[in-house]
Each structure stands twice: as C-alpha cells, then as structure tokens.
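All remarks here apply to the structure that follows.
The values are calculated or read from the model by the stated rules, or taken from the named source; none is laboratory data. Keep in mind it's a predicted model, so treat the numbers as computed, not measured. Here the Cβ positions follow ideal geometry from the backbone for every residue, glycine too, while neighbour counts run over all protein chains shown. Each accessible area value is taken on the protein alone, full model and side chains, heavy atoms only, with ligands, DNA and RNA left out. Shrake-Rupley method; radii C 1.70, N 1.55, O 1.52, S 1.80 Å.
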Amino acid sequence: MIEWRKKVIEFMLISAPNAKAILDLAKEYGVEDPKIKIEGMNCIFCGLCARMCQERIGARAIPVSAEVFRSEEKCLRCGACAFICPTKAIKPEEFDPKAISIPFEFEVGMKSRPPIYIPFPQAVPNLPVLDRERCVHFLTGKCEICKDLCEAKAIDFEQTDEVVEVKVGSIILATGYDQFDPSVIPEYGYGRYENVITGLEFERLSNAAGPTAGQILLKNGRPPRSVAIIHCVGSRDKNFHPYCSRVCCMYALKFAHLIREKTDAEVYQMYIDMRCFGEGYEEFYERVGTEDGVNFIRGKASQVTDQALNEEEEGKLIVCVEDTLLGSFMRVPVEMVILCTALEPRANAEEVARLFSIGRRADGFFLERHVKLAPIATMTEGLFIAGCCECPKDIPDTVAQAKAAACDVLSLLARGKVEIEPIVASVDEEVCSGCGLCGMVCQYGAPSLAELKRVTVVNQALCKGCGACAVTCPSGAMNLSHFTRRQMLEEVE
C-alpha cells in the first residue's frame, strides 16, 4: 500500500511540482524526484494511447503501467497515439519525421498524406486508395478502424491486384512526360539550398489548394523579398537536352506575375530567348515587364551560391549571370530561386515503344507518321498519340491534339471496318524453313512462327509493306504482294 501511495505522490509531483502541500507529503514518504517517464507534462494517465497502440494497432509500443513510455523498437510511427491523446501530450514531432510522414506525390513531396488518400483532385474515378506498404493493418494484421467506421462497407482488405484483358479497336497513347531532375546540375544548388525549388514545386506552392493554401513562402514561413527565375534548366543544353521545352517561358512569366500579385518581392528573370509564340502570349510578356515591373536579364545563369562577398549578400542566395545585352557579369542576391526545368520523355518510353511497335525520335519522344499531314497517327494502324509523349507542348496544343485523336478513333468506330494497304508480305509455306529471321527484323511484329507447322505466318493488319522481311529471308519464301521477284524481273525487261 505504501508503494502505491508513493506512485500517486509521484504523479502529483509531476502535475504540481511547486505545491507546498504535495512537497510536504512527498518529504514525509521519502519521495524526492519522480521516476515516472511520460511523453508530456500534460499527461493525465488515461491510458487511451496504450489501448489504441495495443488493441487497435497491435504494436504494443506503449505498455499499460505506471511508467508511460514509448518503445522505439516496436513503435510504427503511425501517430495514432498522438491522434487519440485528449491532452495532446504526445507530440508527433517527437517521432522520426521521415517515418511518420508519407510524401504526397501530387504535392511534389511538399506535403504529407495519410495511408488512405485520393491521388489528386481530378482523379477518375474520384475514390480514395489505400497504400498497402504504409497501412498499419497490412503491417501488423490489426487496426481495421477505417473498415469499422465506413457506413457503406466499401473497404475490403482482401482485395488484390488483378490484370484485366480488354479487346479494343483503337488505342490513344497519352503517357505524358517526366520533369528533368535539376540536381544533376550541381551549380544550381537544387537539393542543397532549401529555397531553390523547381517550377512544379512553385506551382503547388502558389495553388490555393496547395500545401501553403496559395501563400508564397520561404522554408522559414516568411514571404520572400526577392525571387530569381532561371529559364532553360536542362533545355537547349547539349549536355542534357538540346531541344526547347516550349512551355518554360510562359509559365515563368506566369510565376513572375503571381509573385508580384501576392507579394512585394523583386523578381528577376534570367533567360536565353523569350519564346512567346501563342495567341496573346506576346501581350502577356509585355504586360509582365511594364505593369508588373519584372526585371529581365538576357543571359543563362551559371551558378547559384550562398557565398557572400559583401554585407548585402549575407544570408541570401546569389545568382551569377552574364547580361549579354549589357555585356557585364552580375551577382543577383535573392531569397528564392525557381528553376524552369525541361520536359523529357517518360522513363519507360522505350518499353512502351517496343510494346506498341512505334518509333522514337532522337530526343526520345514518340514518332508520328508525318509531322504535318498525320501529326497524331503512328505507323501502327489504330494507334494514336496525343500530348507531351509526342513532343513538349503547352495546354492548348495538347487539348487540340487530344480532340483530334478522339475524332480519328470515333471515325474508325463509326465505319466498323478498317482499310489496310494491299501491299503486304506473304509466305510460301512449302519453301519456308521457319528460321524466324523475318520476325527479328520486322519492327511492327507482323511475322510470327506457327508452332504446329513450324512456318512463318504474317498478320496482314500489322504489316506495312516495307519489304524488310522479303530481303532478309534466306530461302526466298517471303514475298511482297505486287512486288514479287517475277514481277520485278518483268518490270526490268
């Protein structure tokens, strides 16, 4: 009984360490310093955190005893104890921030998300998904709180991924693009300086539904007083991508306008050339320069550093750039740097191209049938491309190309039949040895080996009549309709 009284006195000492009556009582029982470990001074020892951790989460990281503590080995960093604590004595900041926070892909890692989330606002279907790698249920086999609370009983932990085969008549490839990683250019300091961000990160930062509710803030939570926007990071550069990404100039001007509209920051644009090619684009460029008062410096920035040379540069990022119009080298001190990064082909573009038997240009984007007469068609019938998978383009061009591809698909579906070229390859089965060389050289996958007969058969819907298989066939079994060897000899005669 005396030991329990000592424990109670320890609780009282923690709650009211300066109360004279409690100090006298502690002296009487010989309690000098409380030995109880708790997560916060506001803990009331209700035990909700321990019950949540044991009964629902199944981790047992918080034992139910007089000594309330967290086991680092068993803790999953799920944050359930902090969520359930009525006094907020348990602080999520005490956990490992890398373990408790899941970077939200849609927010470019600038905001965390729970294990159950909607991928992005315009998702189709607009339904939440469950992250199996982070969900406590799949980690411990317990915690079915979401399932218990869902009135529609829509959560099924037994569901697994399944492959569904669908027969279609046409396909539109709109795989999009990847953003160039500016960390491979160490001169710009991306990943080293916290206020050097990409254009996509600034896009989410300035969005009303973004991580800062549309406020343009530095990492310390203060609005910037000066911002530099660097164009062509990874674009028009022979070391990375020699092509122009097209969209960078205009979204850089939009960023400058938003910064001037929402803050009092001084804005500097470092550019090679301003390529404002669309309807109303040139007028917007002039407006940003005259009405918004944005400073334009014609020249490619060579370096972003924090090495100050004078008192004015202390605590700022310095952008080193040569102004080619003035013919002078400049050091521009700013508090935020926005990198306009290049648009590049998706990482799996080669795999997709092989799967659908389409070509790629030297820059890695998908190749259209004709740059002017058939900009959305490919060499494979019924297969169309739209958007940035074909080349970098802005929203109006992407929308126009997507509608054109949809119209072509609808026209094929309305006819019900597809006309193919009469010039296709054919096989003389009596001569064919089934060596398979024709299938190896055909980039459209038209010839294939029939296992039973061990001879080659040709899919005439895929064949484009290029003749590569006919000239490769060592036995002369492969012929091209209307261009057989006899017809060619008669033509020569």
(message) Here is a check on your reading of the model: is Asn42 in a loop (DSSP other than H, G, I, E, B), farther than 25 Å from Pro63 by Cβ and at pLDDT below 75?
(response) no
(request) Could you tell me which residue of the stretch 417-427 is nearest to Leu480 (Cα to Cα), considering only residues that are touching a Gly at 6+ places or on another chain (Cβ under 8 Å) and open to solvent by 40 Å² or more (accessible area, probe 1.4 Å)? (result) Ile423
(request) Please go through the stretch 357-392 and pick out each residue that is open to solvent by 50 Å² or more (accessible area, probe 1.4 Å) and among the hydrophobic types (A, V, I, L, M, F, W, C). (result) Ala362, Leu367, Val371, Leu373, Met379
(request) Check every one of the helices (runs of 4 or more DSSP H) wholly within the stretch 384-493 and list those with 1 or more residues that are of a type in the set (S, T, N, Q). (result) 395-415, 468-472, 485-492
(message) Given the criteria open to solvent by less than 40 Å² (accessible area, probe 1.4 Å) and over 40 Å from the mean Cα position of the chain (by Cα), does Ser433 qualify?
(response) no
(message) Just to check your reading of the model, which residue among Ala213, Ala301 is of a type in the set (A, V, I, L, M) and over 30 Å from Glu390 (Cα atoms)?
(response) Ala213
(request) Would you confirm whether any residue within the stretch 245-267 is of a type in the set (Val, Ile, Thr) and either open to solvent by 50 Å² or more (accessible area, probe 1.4 Å) or more than 15 Å from Met336 (Cα to Cα) (or both)? (result) yes
(request) Search the stretch 235-249 for residues that are within 12 Å of Arg275 (Cα to Cα) and pair each with any residue that is outside any loop (DSSP other than H, G, I, E, B) and of a type outside the set (D, E, K, R) when their beta-carbon atoms are under 6 Å apart and the residues are at least 6 apart or on different chains. (result) Ser245/Leu343; Cys248/His231; Cys248/Cys340
(message) Among the listed residues Leu317, Leu309, identify the single one that is within 23 Å of Tyr193 (Cβ to Cβ) and open to solvent by less than 30 Å² (accessible area, probe 1.4 Å).
(response) Leu317
(message) Give me the strands (runs of 3 or more DSSP E) completely within the stretch 150-255, filtered to those with at least 3 residues that are within 20 Å of the chain's Cα centre (by Cα), ordered by residue number.
(response) 196-198
(message) Pull out all pairs, ordered by first then second residue, where Cβ-Cβ is under 7 Å, the residues are six or more apart or on different chains, the first lies in the stretch 430-454 and is closer than 17 Å to Ala470 by Cβ, and the second is among the basic types (Lys, Arg).
(response) Gly434/Arg454; Tyr444/Lys464
(request) Can you tell me which residue within the stretch 450-468, out of those that are under 30 Å from Glu350 (Cβ atoms), aliphatic (A, V, I, L, M) and modelled with pLDDT under 85, is least open to solvent (accessible area, probe 1.4 Å)? (result) Ala450
(message) Within the stretch 269-293, take every residue that is more than 24 Å from Asp237 (Cβ to Cβ) and not in a helix (DSSP H, G or I) and give me the one that is most open to solvent (accessible area, probe 1.4 Å).
(response) Glu279
(message) Can you tell me which condition Val471 does not meet? The list is (1) free of Cβ contacts under 8 Å to residues at least 40 places away in the same chain; (2) out of contact with any Asp or Glu (no Cβ under 8 Å at 6 or more places or on another chain); (3) open to solvent by less than 100 Å² (accessible area, probe 1.4 Å), and all the others hold.
(response) (3)
(message) So in the stretch 128-178, with the set limited to residues that are of a type in the set (S, T, N, Q) and open to solvent by less than 60 Å² (accessible area, probe 1.4 Å), which one is farthest from Asp397 (Cα to Cα)?
(response) Thr140
(message) Which condition from (1) at pLDDT 95 or above; (2) more than 22 Å from Leu343 (Cα to Cα) is the one that Asn220 breaks?
(response) (1)
(request) Scan the stretch 110-127 residue by residue and report those that are open to solvent by 50 Å² or more (accessible area, probe 1.4 Å) and either among the hydroxyl-bearing types (Ser, Thr, Tyr) or touching a strand residue (DSSP E or B) at 6+ places or on another chain (Cβ under 6 Å) (or both). (result) Ser112, Ile116
(request) Could you check Thr380 against (1) of a type in the set (Ser, Thr, Tyr); (2) in a helix (DSSP H, G or I); (3) touching a residue at least 12 places away in the same chain (Cβ under 8 Å) and say which number it fails? (result) (2)
(message) Name the residue that is nearest to the chain's Cα centre (by Cα), counting only residues in the stretch 24-39 that are among the acidic types (Asp, Glu) and at pLDDT 75 or above.
(response) Asp24
(request) Specify which of the listed residues (Lys142, Lys111) is touching a residue at least 60 places away in the same chain (Cβ under 8 Å) and farther than 30 Å from Ala208 by Cβ. (result) Lys142
(request) Tell me which residues, restricted to the stretch 334-356, are under 24 Å from Lys219 (Cα atoms) and surrounded by fewer than 21 Cβ atoms within 10 Å (Cβ to Cβ). (result) Glu335
(request) Please state which one of Ala59, Ala99 is closer than 30 Å to Ala154 by Cβ and at pLDDT below 70. (result) Ala99
(message) Quick check on the stretch 357-366: of everything there that is over 11 Å from Gln443 (Cβ atoms) and among the hydrophobic types (A, V, I, L, M, F, W, C), which residue is modelled with the lowest pLDDT?
(response) Ala362
